[in-house]
Amino acid sequence: MFVKKLVEKAGKKPGGSPSEGLRANDVEPRVVLHYGIPSGAHLFAYDPVQKILAVSTKDGRIKLFGKNQTQALLVSEEASTSKFIEFVQNQGLLLNVNSKNQIEPTAETKRILLVFSSGFITLWDIKESKPVLKTGGNGMVKQEAKKATCACWVCPSGSKVAVGYSNGDILIWSMTESFSMVCKLNLGYKAEKTPINSLKWVYAEGKASRVYATGSSSNSLQVVLLNDQTEVKMVKLGLHVSEPCVGMEMIMADAKQDSLLVLGKSGRVYAYDDYMIEKYLIQSQSKSPPSLPKESVVKLAFSDSCSGVTVGKFLTNSSHLLNLSDEDYAQLAKDTAPFLPSQIVSKEASRSAHFPGFTKVKNVYITGHSDGSIGVWDMSCPFLVPVLFLKEQADQDISSRGTAALTALHFDSNSRLLVSGDQNGMVRLYRFKPEPYLTENSFIPFQGSSKKGNNHIVHSVKHIKLTGSITCIQKSQNSKHLAIGSDQGHVSLVDVEEATVLYTKHIASDICPGITSLQFESCSVQGFEKNVLVVAMRDSSVFSLDSDTGNMIGTNMVKPKKPFKALFMQILDGKQDSSGNGESIVEDVSTRQPSVLLCSEKAVYIYPLSQVVQGVKKVLHKKKFSSPSICSASTFYGTSGVGLILVFSDGTVEIRSLPELSLLKQISIRGFTYSSPKQNSLPEITISASWDGDLVMVNGDDELIVSSVLPQKETFRLVESLSRVYKKDNAVCQDGTTASAVASSPKEKKGMFGSVFKTKPKRAADTETTESTKETIEDLSKIFTTANFPWNNNVERSRESNVVTRVGDEEELDIDDIDIEDDDHHQQQELPKEQGILSGISKQKLASKFTSFKGKLKQMTAKSEKSVVTNDEKHEEKSGASVDQIKKKYGFASSSEEMGAAKMAQSKLQDNLKKLQGISMKTTEMEDTAKSFSSTAKELLNAVEFNKQSSKT
């Protein structure tokens, strides 16, 4: 026997399974989607032009959130914490400084403000490599020792800066030649010696500019109005955040409804309506002050309509019909409620998609929630589209049934049956109508089979009350019966049509009661074919019952010597329901005898099914693990066999072959950690598996991770477009202005460092020509050529190759190159950046431009007429020219044309003259339009002045 085992082990291939089973080349584990706020978040950055929010984590990841459901996750090679991140606005560049001080020097201005921890402040000229102004340091404050912790500009012209300190002080310094302290903000942090960890400044016209401040390890967020009267009378607002704050960022919405995002110590993100904050500060001194701004938590879409996810079911359909095109899903991405409150979706657009059926779309995710509700989501694309919502209404007689958190889900596509079980032992059976469904709005609460609502989808719903919390649900081969297990060790057989309990058996356990898995199977018992129900308990015991009577067949239970908590059980025989939807994908997994796969937190066992039925322990294969423990196990079916997916508590994912349990490949999901739930509580992380190896991991209300196993499998549609957060066409702003001429508004932070880069006044920025960012970056690459700042030569060469050569304005234009098109979009792009239609129009400038343009047109017209006469004269002098030469010169198709070259040229010039006349008419119309705009601007200016005078009086 010992020699036989040695021969068997020698015949196995190291690191892989035998040739007839799953091989390493057949799998490619990877993360295909991350949706939501990553765990361990601790820093913010925002690009106000592109409307991109960056969230960095402590383990070297950066999550990007863009418009229209776009999200992307950047993962560094090393798990290093980011110390500083900031966007180069509207350039598609993000600066990241990690804990190892690895940085790529890039900038878009000539001067930066440097604030040192000692309190020393200097305005540094990058080109000259010397300080322009400096102050602070030891002579700044003589009373006590303190360190500068953060800073931000508090003036649109870059003349004032606010600095926060480790003792709770917030001082405002003048950056003029005097370089003196302007005032001191007393926000309460100084009394408790709370260090200031974040400062943000928001510019607003009038007297509504304000500073936001948070303290380290403090739940208090203070907002103070900053104007000429601040030193005399301070108007401030204190907000109590649910947890200590570590960062904050202001994001701008399309409808100018800005939101203040606050990052908590736990990594959770909270949102405040900035308009309500401004309104409260302005009206706080009035007789009827407004209510305090309310805090909201940024959560996954599951929590918008129902509570947190407690159990899930992920269904994939490889042979689905394309009921919705990519264009339809792209429109849904715009219409579906966004993850962040940075984009406004109209009520007409916020509607659910048409749901043709569970088997008619690529991916369906069914979620059970803590309030007993069920959500159905179309996950064909990398975002959540709500399609169906089932929840019992208060008007139903549910006093005897109650509502509790769902703990088990089962779906059978063949019988169109969805079954749910909750903590109170309530089982609900939803029977759906045949697919496809009608085009009615299905995202409404289910109100019962006898009332209107979901009647176009749900045929009926029935209830069964059992004992204990439901842990598992499994259907029989003929879909007529359901086996249901509970945490108290009860196994019940239910008739689906009658919704009645046929029998209930209680199985006691000395170690850990409760049923983990159930599965129907037919096998030979003492020479007779018998229908059995294989049962796996939490204490890793496995046994079988007669599915017809509920009596135990074997005399003993099969259990390991050192049992651990069981997580998963599956029968491997090639006949089981491999798709999870009632469709068998792999007809014959192996020629071996049917076996039972049992996975616990520390070990994996494979027993012969025949021995389990008889109650005899025989181990075919086993694999033990020391640390960390397994938190999820599932099987998947590929083209060459069946495999096992093991997810460990530290984020490691192993792919093993079956039944040999050989390790094929493994990956690590960074940021994923699983903690076992406390007794009588639900886990924070739920994991669902599809039949083809996709895992959906939901971490509370914050993030959703999807991993895939099979290579070349496209889990989602529109992956490329919905992961592209930076839009080049966003260089054209919403008001039609081009990015190349943008002068950042005072409300937006100028430069890549945001709070440390000098911001020019708006008027000065409008009159100056913006320098090329790429040229500045190239200059910086020469300045920072030291060992501390290694420059990537490949990046430098690529940027040098992309230098744009500008063409002079006086370049001669050939008359044949004139092409007149009515391209309003092109004209719109040429408007100056950051200027509205009225504010950016100068009557004198437009008049001079049009006059110059008309003068050039007259010159070109005269030139064209002169060229006609010249061509006629040349035609008389060179009448002997051959037809072939004329053909070559003017591009005639045939040499037998009788029309002369001069007539052909004259005809062409006449056409061009007509085009030029059209340009002249268009110019006149544009001039008239400019005059109209100018008059409208004057009227608007007069109205504003009148309103100001009225408000003063």
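The values are calculated or read from the model by the stated rules, or taken from the named source; none is laboratory data. As the structure is a prediction and not an experimental result, all values here were calculated from the model. Here the Cβ is made from the backbone with ideal geometry for all residues, glycine too, and neighbour counts use every protein chain on show. These accessible areas exclude ligands, DNA and RNA; they are computed on the full protein's heavy atoms, side chains included. Shrake-Rupley method; radii C 1.70, N 1.55, O 1.52, S 1.80 Å.
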Task: Matching residues, the range 36-55, being assigned to a strand (DSSP E or B) and out of contact with any Phe, Trp or Tyr (no Cβ under 8 Å at 6 or more places or on another chain) - done: ALA41, HIS42, PHE44
- [ ] Sort through SER400, SER420 and tell me the only one that's small (Gly, Ala, Ser) and either at pLDDT below 90 or surrounded by fewer than 23 Cβ atoms within 10 Å (Cβ to Cβ) (or both).
- [x] SER400
TODO: Just need a number here: residues in the range 240-265 that are among the hydroxyl-bearing types (Ser, Thr, Tyr) and within 19 Å of the chain's Cα centre (by Cα).
DONE: 1
Task: Top-ranked residue in the range 378-393 [being open to solvent by 10 Å² or more (accessible area, probe 1.4 Å) and part of a strand (DSSP E or B); ranked as nearest to VAL706 (Cα to Cα)] - done: PRO386
TODO: Output the number of residues of the range 604-640 satisfying the condition of being open to solvent by less than 50 Å² (accessible area, probe 1.4 Å), out of contact with any Ser or Thr (no Cβ under 6 Å at 6 or more places or on another chain) and under 22 Å from GLY693 (Cβ atoms).
DONE: 12
Task: Tally of residues being in contact (Cβ under 8 Å) with a residue 60 or more places away in the chain and open to solvent by less than 20 Å² (accessible area, probe 1.4 Å) across the range 672-692 - done: 5
Open item on the list: Being modelled with pLDDT of 90 or more and surrounded by fewer than 18 Cβ atoms within 10 Å (Cβ to Cβ) is the filter here; which residues of the range 239-264 pass it?
Closed with: HIS240, SER242, GLU243, PRO244
TODO: State whether one or more residues within the range 220-236 are hydroxyl-bearing (Ser, Thr, Tyr), surrounded by 19 or more Cβ atoms within 10 Å (Cβ to Cβ) and under 28 Å from THR135 (Cα atoms).
DONE: yes
Open item on the list: Take VAL698 and tell me if it is of a type outside the set (Asp, Glu) and under 30 Å from GLN89 (Cα atoms).
Closed with: no
TODO: Output the residues belonging to the range 657-703 that are assigned to a strand (DSSP E or B) and among the hydroxyl-bearing types (Ser, Thr, Tyr).
DONE: SER657, SER668, THR686, SER688
- [ ] Go through VAL311, VAL364 for me and flag whichever is among the aliphatic types (A, V, I, L, M), closer than 17 Å to SER688 by Cβ, modelled with pLDDT of 80 or more and open to solvent by 20 Å² or more (accessible area, probe 1.4 Å).
- [x] VAL311
Task: Whichever residue in the range 722-739 is at pLDDT 85 or above and out of contact with any Pro (no Cβ under 6 Å at 6 or more places or on another chain) and, among such residues, is nearest to ASN363 (Cα to Cα) - done: SER723
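Results for (1) open to solvent by less than 30 Å² (accessible area, probe 1.4 Å); (2) under 30 Å from ASP258 (Cα atoms); (3) outside the structural domain of ALA145 (by the TED database), shown as yes or no for each residue.
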| site | (1), (2), (3) |
| --- | --- |
| ASP47 | yes, yes, yes |
| ASN68 | no, yes, yes |
| LEU73 | no, yes, yes |
| GLY92 | no, yes, yes |
| LYS127 | no, no, yes |
| PRO131 | no, no, yes |
TODO: Hey, could you check the range 408-422 for residues that are small (Gly, Ala, Ser) and part of a loop (DSSP other than H, G, I, E, B) and say which is farthest from the chain's Cα centre (by Cα)?
DONE: SER415
Open item on the list: Looking at the range 190-206, can you tell me whether even one residue there is at pLDDT 85 or above, farther than 29 Å from THR57 by Cβ and open to solvent by less than 20 Å² (accessible area, probe 1.4 Å)?
Closed with: no
- [ ] Could you look through the range 151-166, keep only residues that are part of a loop (DSSP other than H, G, I, E, B) and in contact with a strand residue (DSSP E or B) (Cβ under 9 Å, 6 or more places away or on another chain), and pick out the one that is modelled with the highest pLDDT?
- [x] SER166
Task: strands (runs of 3 or more DSSP E) wholly inside the range 503-565 that include at least 1 residues being without any contact (Cβ under 8 Å) to a residue 12 or more places away in the chain and exposed (fewer than 14 other Cβ atoms within 10 Å of the Cβ) - done: 528-537
